[in-house]
Amino acid sequence: MNPVWHEIVGVVGDVRAQGLDRQVQPGFYLPLAQMPPSAWDWLGRTMDLVVRTRGGTFPANDLRTTVALVAPGVPIYQLSTVQQKIEGTLEESHFDTFLLAMFAGIALLLCSVGIYGVLSHVFAHRTLEIGLRMALGATRGQIARHVLGCGLQLTAIGIVLGITCAFACAHLISSLLYGVRSTDTIAFGTASLVLASVGLMASYIPARRAMRVALKYE
């Protein structure tokens, strides 16, 4: 470039020009009048203009008319608002988030069905044991707490194993996240509470069934 030296007249904030999931790269702005002819090849011989408007409408026709008066014959394309530009940049991230949320919902459903199925199967074969507990003085509340405790124990084991695996594999989804760490403690804590609540609800029906068995023996 000629001249090689330039005077710095200001410093601006970081710009994620390559996308929100990319690291910020060093860069600088150069006045249009000081750009060398070869710089147009860097830009693909195109130019982006930012226009500040007033009001809630997007004056696309007015912009085309103004540019046609200043530079007749220059083609104009991809007119959009800044909000539309941001939404287009985040479109892929939103789709990835939707897929992750869908898979997480399916996993949560399978977790609930699994806990319910295991407890129902286990306590269906422990009817006589429940009767013996009642004969030895166990109350219906104690039977229900015993069933819920088994369900929460299974849930706790699953949560511990899941968090361990999640921490080990967190770096695999770091590129899909923006503004949050892949090992965010709040996210892990919230997920653990949700799973514990689901495990408790999935254990409730087997607990009610055990209470009915206990009532029958009583």
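The C-alpha atoms of the chain define a longest principal axis, and helix 185-217 lies at about 20 degrees to it. When the alpha carbon gyration tensor of the chain is reduced to an equivalent ellipsoid, the three semi-axes, largest first, read 66, 20, 13 Å.
Build a GNM of the chain with springs between Cα atoms under 10 Å apart, and of THR53, THR89, THR164 the one that fluctuates most is THR53.
With contacts taken as Cα pairs under 8 Å at a separation of at least 6 residues, the range 90-217 carries a relative contact order of 47 percent.
Taking GLN18, GLN34, GLN83 in turn, the Gaussian network model of the chain (Cα-Cα springs below 10 Å) assigns the largest fluctuation to GLN34.
Taking the fewest neighbouring Cβ atoms within 10 Å as the starting point, the ordered list for ILE8, ILE186 is ILE8, ILE186. Counting only Cα atoms, the size of the range 90-217 along its three principal axes is 62, 22, 18 Å, in decreasing order. In the elastic network of the chain, a GNM with C-alpha springs shorter than 10 Å, the most mobile of ARG181, ARG140, ARG45 is ARG45. Mean sequence separation of contacting Cα pairs (under 8 Å, at least six apart), scaled by the length of the chain, corresponds to a relative contact order of 27 percent. Residues LEU63, LEU32, LEU99 in ascending order of nearby Cβ atoms (within 10 Å, fewest first): LEU32, LEU99, LEU63. Sites count as exposed loop sites when they are chymotrypsin sites (Phe, Trp or Tyr not before Pro), lie in a DSSP loop, and have at most 14 other Cβ atoms within 10 angstrom; the longest stretch of the chain without one is 78-177. Among the trypsin sites (Lys or Arg not before Pro) in the range 46-119, those located in a DSSP loop and surrounded by at most 15 other Cβ atoms within 10 Å of their own Cβ are ARG52, ARG54.
Every number here is computed from the coordinates shown, using simple stated rules; none is lab data. Remember, it's a predicted structure, so these values are computed and weren't measured experimentally. Cβ atoms come from the backbone with ideal geometry, glycine included; neighbour counts cover every protein chain shown.
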